[in-house]
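For reference, the structure is listed below as structure tokens.
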Amino acid sequence: MEVKRVLKSRLTRILLIIAFVLSLTTAYLPITFEFINQPNPDGSKTMLDGIAAIEYKRGLYAAVNGEVTPKKVSEALTTYQNLVNEYGPVEDDAFPLSVNIAQIVPIRPLLKALPELYADPLTGMGADLMEIDPADVAQTYYQRCVTHLTDVMNNEQRNHPAAQQQAVDQYTEVDTPFYLHAGLSKDAFDYIELYLLILTILCVAITAPVFSGAYQNGADSILRCTKHGRLKLAVTRILAACTISGVTFAVGMTLHLLLSNLVFGTDCLETSMQMLFSIINLPNINLGQLQICLALAGLLSIVSCVCCTLFLSAKCKDALSVLLISITVILVPIFAYTALGVNWISAILPSAGVGMQNNFLYQLINFNYLHIGGMSFWTPHVILIATAAEIPVFLFLAVRCYCKHQVA
């Protein structure tokens, strides 16, 4: 009956429709960003975009998919250097389009990490592909990954040796050689995080009037006098709100990932995370597992925000105040991270896993640590522990505040 009561609200139905429409919209947008010029036999070119571009690229990448061995990367670099020596820089208009598409584009995913691996250890400036020795790549490709990570940690965590050692120890557990099945774009993962942020706001808006709405219309004064009008009613309303938010998340995220993966290709999910983002990313997962991690972290953050909203709804007397405070709680980590960089505020609030630059994806691919004395904590671990711990705390406070609520 509580679920039915919430769903009967016209605003709730509108918000649910928006959630499902945006699920498909945010999954489709990265698809529209894909484009490539296809050379024609007569020397002209045809610009492909969207699904046509993705399918065309899939055929080009087929030759390099598989394990990323040092020998394969070295051969790709040799091919690139020979072509540049013959035709000039790839970026120049004089470089033949047919050669670029047929021989350069397929090996780009293999070469992407080399400027980073051979970057200047002090400035971090990437190396020119023409200045890298293919023989050195063949011999030291994966050893250079560890060396580069050490250089990065020395620069970013200079005063925190514990963080430096943690990163190196974690990276040694990453399986090599990496696996590559090119095609899935970074934009697709950015839009997962964007959808999670929007979904959090929508779920909070649905939850805001759960208790405060009954305070406003006076219904709570009647229900509170019944046999189960306090503790049992509070628990029932909390379960109803969490159920609606959980089902909305499950359906919306399933639709989003299903559309994205079917278009880009499920084979791309086997690609090592390091081959899409940074070669020295710490998680030992592939892109499919990354999607699961982002979804679970997003679910934790959404449930934590919903529980916080339930507490506020039980505490405040009107739904508008609840909604405004809840949205503020969602936005504070975003602004705190933008203004202050890595900080505890952006990592421990209920919405720490969703947002813009502070979201869980960006924390996974970066090397952000929070410090207490001589101890260092990787921000993804802090976010997961904080959001999981806050859920029972806010649920307890919500029940307690509702049971102790006094009608003015």
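Run down Val73, Val64 and say which single residue is touching a Pro at 6+ places or on another chain (Cβ under 6 Å), closer than 24 Å to Ala138 by Cβ and surrounded by 15 or more Cβ atoms within 10 Å (Cβ to Cβ).
On the way: Val73 fails: touching a Pro at 6+ places or on another chain (Cβ under 6 Å).
The conditions single out Val64.
If we keep just the residues of segment 267-312 that are within 24 Å of Gln143 (Cα to Cα) and small (Gly, Ala, Ser), which is surrounded by the fewest Cβ atoms within 10 Å (Cβ to Cβ)?
First, pick out the residues of segment 267-312 that are within 24 Å of Gln143 (Cα to Cα): 270-287.
When the remaining residues are screened for being small (Gly, Ala, Ser), the result is 272, 278.
Values: Ser272: 26, Ser278: 19.
In this case the residue turns out to be Ser278.
Here are Ala52, Ala138: which of them is assigned to a helix (DSSP H, G or I) and surrounded by fewer than 17 Cβ atoms within 10 Å (Cβ to Cβ)? Don't jump to the end; show me each part of the working.
Numbers: Ala138 fails: surrounded by fewer than 17 Cβ atoms within 10 Å (Cβ to Cβ).
Answer to the selection: Ala52.
Somewhere in segment 315-335, is a residue assigned to a loop (DSSP other than H, G, I, E, B), modelled with pLDDT of 90 or more and closer than 30 Å to Pro161 by Cβ? Spell out how you get there, then give the answer.
Keep residues of segment 315-335 that are assigned to a loop (DSSP other than H, G, I, E, B), which gives 316-318.
Then drop every residue that is not modelled with pLDDT of 90 or more, which leaves none.
There is no residue in segment 315-335 that is assigned to a loop (DSSP other than H, G, I, E, B), modelled with pLDDT of 90 or more and closer than 30 Å to Pro161 by Cβ.
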Counting only residues that are over 12 Å from Glu173 (Cα atoms) and not hydrophobic (A, V, I, L, M, F, W, C), segment 278-293 contains a total of 5
Of the residues in segment 106-128, those that are buried (at least 17 other Cβ atoms within 10 Å of the Cβ) and hydrophobic (A, V, I, L, M, F, W, C) come to Ile107, Leu110, Leu111, Ala113, Leu114, Leu117
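One line per residue, one yes/no per condition, for (1) part of a helix (DSSP H, G or I); (2) modelled with pLDDT of 90 or more:
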| site | (1), (2) |
| --- | --- |
| Val174 | no, yes |
| Glu193 | yes, yes |
| Thr226 | no, no |
| Val247 | yes, yes |
| Gly252 | yes, yes |
Met153 fails exactly one of (1) surrounded by fewer than 21 Cβ atoms within 10 Å (Cβ to Cβ); (2) within 30 Å of Val332 (Cα to Cα); (3) outside the structural domain of Leu310 (by TED's automatic domain parsing), namely (1)
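Within segment 14-61, which residues are under 30 Å from Ile104 (Cβ atoms) and polar (S, T, N, Q)? Let's see the steps before the verdict.
Looking only at segment 14-61, we keep the residues that are under 30 Å from Ile104 (Cβ atoms), and these are 27-61.
Thr32, Asn37, Gln38, Asn40, Ser44, Thr46 - these are the residues of segment 14-61 that are under 30 Å from Ile104 (Cβ atoms) and polar (S, T, N, Q).
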Number of the exception - Pro70 against (1) touching a His at 6+ places or on another chain (Cβ under 8 Å); (2) over 30 Å from Ala295 (Cβ atoms) = (1)
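Can you tell which of Thr123, Thr78 is of a type in the set (Val, Ile, Thr), in the same structural domain as Asp42 (by TED's automatic domain parsing), farther than 27 Å from Phe35 by Cβ and part of a loop (DSSP other than H, G, I, E, B)? Walk me through how you get there before you give the answer.
Values: Thr78 fails: part of a loop (DSSP other than H, G, I, E, B).
One residue alone meets the criteria, Thr123.
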With the first residue restricted to segment 339-356 and required to be in the same structural domain as Leu202 (by TED's automatic domain parsing) and of a type in the set (Phe, Trp, Tyr), and the second required to be buried (at least 24 other Cβ atoms within 10 Å of the Cβ) and modelled with pLDDT of 90 or more, Cβ contacts under 6 Å at 6 or more apart or on different chains are none
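For segment 204-213, indicate whether the set of residues that are within 23 Å of the chain's Cα centre (by Cα), under 18 Å from Cys307 (Cα atoms) and modelled with pLDDT of 90 or more is non-empty.
yes
The values are calculated or read from the model by the stated rules, or taken from the named source; none is laboratory data. Just so it is clear, the model here is predicted, and its values are computed rather than measured. Glycine also receives a Cβ, built like all others from the backbone with ideal geometry; neighbour counts cover every protein chain displayed.
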